[in-house]
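The block underneath contains the structure these notes are about, expressed in structure tokens.
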Amino acid sequence: VLEAASEFASYPGLQNDASAKEFLDRFPLHTLFSVLQTKADVPGTEDTMVSCLDKIFRTKYGASLLLDYAPFIQVGLQANSQAVRRLACKAVSYLLENLQIIVVYPLLLSCLVDGDEQTSAASLEAVKDIAQSPEGISIIFPNIAVQSSSLARIRILALVAKLFALSSSLATAVYSSNLLNLFEVEINNGHDMLTTLSALELLYELVESPHSSMFLLRTTLLQKLTSMVSNSSVDSVLRSRAALISGRILSSVTALLAAIDERLQNTDEYESALEALGLIGAISQGATLLLPVARHVIESAFDRHSRGKQLAGLHALASICGVDRPELDSKAEENLRRLIYTAAANTSKLNPSGLILSILRQEPEIRLAGYRLISGLVVRPWCLMEICLNPEIITIVTDETAKTGMDARHHCCTVISTALSSSNLLQDAAVARTAAKLQEAVRRGPYVIKEEAQPIVMTAERF
């Protein structure tokens, strides 16, 4: 058996189904497994049998027989021999369509974490194959966890990087499962430089993915890399790698923005491109990158010649301004202020309050988007002053009775009132009256109850 197995295994290239069948007709699988398990005293027995079985399983005919030997795979994944564990990992990939993945997956993770380098690599390939199967995502991601040893953690990061690069759906699953946070944990780890460097190398590999920027900007990874680069106490090797990764992230974002900007030249795709910019701008880092070149968004938001374009522009600008997140850094804030004042100066309205008023005078859906924009902008002192010193804006925001968008209008009143109460503008008598009017509108609620209901006491009618 050993002589025939050695000859079969040493055949150059891959064996075909016919040769595999001919060999197994002479030496059935149970015979080969039996020889492998006996571990005879003949040197090289295990290596010979593992190589032979691997060549058999690589053929469709050999893989088709594995289903009857599924218990062998489970036992093999737990074997003391690294060679047998590698063979079992490969067998998972060969038999993926028929194997109970949920049973063997934890064993594969054990091989990934605890096996030698070759076994770990074989397990990683098997997990990648599982990830691309219909049920793979639901099985894999709930089970990945940070392991105790540094080697185990790095191997898990390697798996995350590989899965992230496979497809946008898997990248979404990785992000949704908070697995990108594992990179943040290792980058923050100042106790083991080699582990941190290994994590950075894997992150460098991850950012090569074409869809990396849209997910990485939603994390604090770019901020942590920036802190590492600027921290002189961090080893220069780590700072250098962090700088390269940051550059790659930013270059991919720049390429993305350039591609979207190109779409803005195509009128059929203009609204979709604006929506994409709004999604990027909803994240602080994305807004910071966008603001120096966000002229298209602002122009669209105040362009009354195209309803769809203006609506998309208003919502995108509201997202960039931070209607759903905290304020920006000082440089980004100044870019935002400059762009809006420039846009106003280039119109007949001359100032931002005139632009905002023109929005509120339009149809309900545009006005609703205007309320959202005001809610995002008014936390800034310069915009608060523009709003509060324009009585017509306050009148519309506080007195409107149209049913469409009443919740958004009331929220807008609340945001303006809150910003005003913490400002120093209340010293002005006119602004103080405006503040009182806003507080009353907030008190009335979204459906503009003019006054509180009063009970009526009546004498009962008698017959």
If the requirement is being on the phi > 0 side of the Ramachandran plot and surrounded by 15 or more Cβ atoms within 10 Å (Cβ to Cβ), which of these qualifies: Gly322, Gly278, Gly313? Gly322
Checking the condition assigned by the TED database to the domain that holds Leu256 and either within 18 Å of the chain's Cα centre (by Cα) or under 30 Å from Arg325 (Cα atoms) (or both), which residue from Leu194, Leu225 passes? Leu225
For region 390-430: of the residues being β-branched (Val, Ile, Thr) and part of a loop (DSSP other than H, G, I, E, B), which is surrounded by the most Cβ atoms within 10 Å (Cβ to Cβ)? Thr404
Please give the number of the condition Pro43 fails out of (1) surrounded by fewer than 20 Cβ atoms within 10 Å (Cβ to Cβ); (2) in a helix (DSSP H, G or I). (2)
From the list Ile387, Ile366, Ile374, Ile394, pick out the single residue that is more than 35 Å from the chain's Cα centre (by Cα), under 23 Å from Leu311 (Cβ atoms) and not assigned by the TED database to the domain that holds Ser330. Ile387
The correct count of residues that are buried (at least 19 other Cβ atoms within 10 Å of the Cβ) and over 21 Å from Ser251 (Cα atoms) in region 195-238 is 2
Picking from Leu53, Leu32, Leu66, which residue would you name as being aliphatic (A, V, I, L, M), surrounded by 15 or more Cβ atoms within 10 Å (Cβ to Cβ) and over 43 Å from the mean Cα position of the chain (by Cα)? Leu32
Among (1) open to solvent by 20 Å² or more (accessible area, probe 1.4 Å); (2) touching a residue at least 40 places away in the same chain (Cβ under 8 Å); (3) in contact with a Lys or Arg (Cβ under 6 Å, 6 or more places away or on another chain); (4) of a type outside the set (Phe, Trp, Tyr), where does Lys162 come up short? (2)
Scanning region 325-346 for residues that are surrounded by 15 or more Cβ atoms within 10 Å (Cβ to Cβ) and not acidic (Asp, Glu) gives Leu328, Ala332, Asn335, Leu336, Arg337, Leu339, Ile340, Tyr341, Ala343, Ala344
Go over the candidates Gln439, Gln362 one by one and state the one that is in a helix (DSSP H, G or I) and polar (S, T, N, Q). Gln439
Any residue at all in region 223-244 that is closer than 20 Å to Leu163 by Cα and among the polar types (S, T, N, Q)? no
Those residues that are in a helix (DSSP H, G or I) and touching a Leu at 6+ places or on another chain (Cβ under 7 Å), I need them from region 74-95; list them, please. Gln74, Gly76, Leu77, Arg85, Leu87, Ala88, Cys89, Ala91, Val92, Tyr94
Between residues in region 1-16 that are in a loop (DSSP other than H, G, I, E, B) and residues that are of a type in the set (A, V, I, L, M, F, W, C) and open to solvent by less than 60 Å² (accessible area, probe 1.4 Å), which pairs lie under 9 Å by C-beta distance while being six or more apart or on different chains? Val1/Phe27; Val1/Leu32; Val1/Val35; Val1/Met49; Gln15/Phe8; Gln15/Phe23; Gln15/Ile56
Output the number of the condition that Leu87 fails; it satisfies all remaining conditions of (1) open to solvent by less than 10 Å² (accessible area, probe 1.4 Å); (2) within 30 Å of Val160 (Cα to Cα); (3) at pLDDT below 90. (3)
Scan region 69-84 for residues that are without any contact (Cβ under 8 Å) to a residue 24 or more places away in the chain and either open to solvent by 60 Å² or more (accessible area, probe 1.4 Å) or within 25 Å of Lys21 (Cβ to Cβ) (or both) and report the count. 4
What are the residues in region 169-209 that are polar (S, T, N, Q), closer than 15 Å to Val234 by Cβ and in contact (Cβ under 8 Å) with a residue 12 or more places away in the chain, if any? Asn188, Thr195, Thr196
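Residue by residue, here is whether (1) in contact with a Pro (Cβ under 8 Å, 6 or more places away or on another chain); (2) more than 15 Å from Glu299 (Cα to Cα) holds:
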position	(1), (2)
His315	no, no
Val323	no, yes
Ser330	no, yes
Glu334	no, yes
Tyr341	yes, no
Lys349	no, no
Leu355	no, no
Ile359	no, no
Glu363	no, yes
Would you mind finding the one in Ala259, Ala255, Ala273, Ala171 that is farther than 18 Å from Ser284 by Cα, crowded, with 19+ Cβ neighbours inside 10 Å and at pLDDT below 85? Ala273
I'd like the full set of residues that are modelled with pLDDT of 90 or more and open to solvent by 20 Å² or more (accessible area, probe 1.4 Å), limited to region 380-389. Pro381, Trp382, Met385, Glu386
All but one of (1) over 22 Å from Ala165 (Cα atoms); (2) surrounded by fewer than 17 Cβ atoms within 10 Å (Cβ to Cβ); (3) modelled with pLDDT of 85 or more hold for Gln118, so report the exception by its number. (1)
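The values are calculated or read from the model by the stated rules, or taken from the named source; none is laboratory data. These numbers come from a predicted model, not from an experiment. Positions of Cβ are generated from backbone atoms using ideal geometry, with glycine treated the same way; all protein chains shown enter the neighbour counts. Heavy atoms of the whole protein, side chains included, go into the accessibility calculation; ligands, DNA and RNA do not. Shrake-Rupley method; radii C 1.70, N 1.55, O 1.52, S 1.80 Å.
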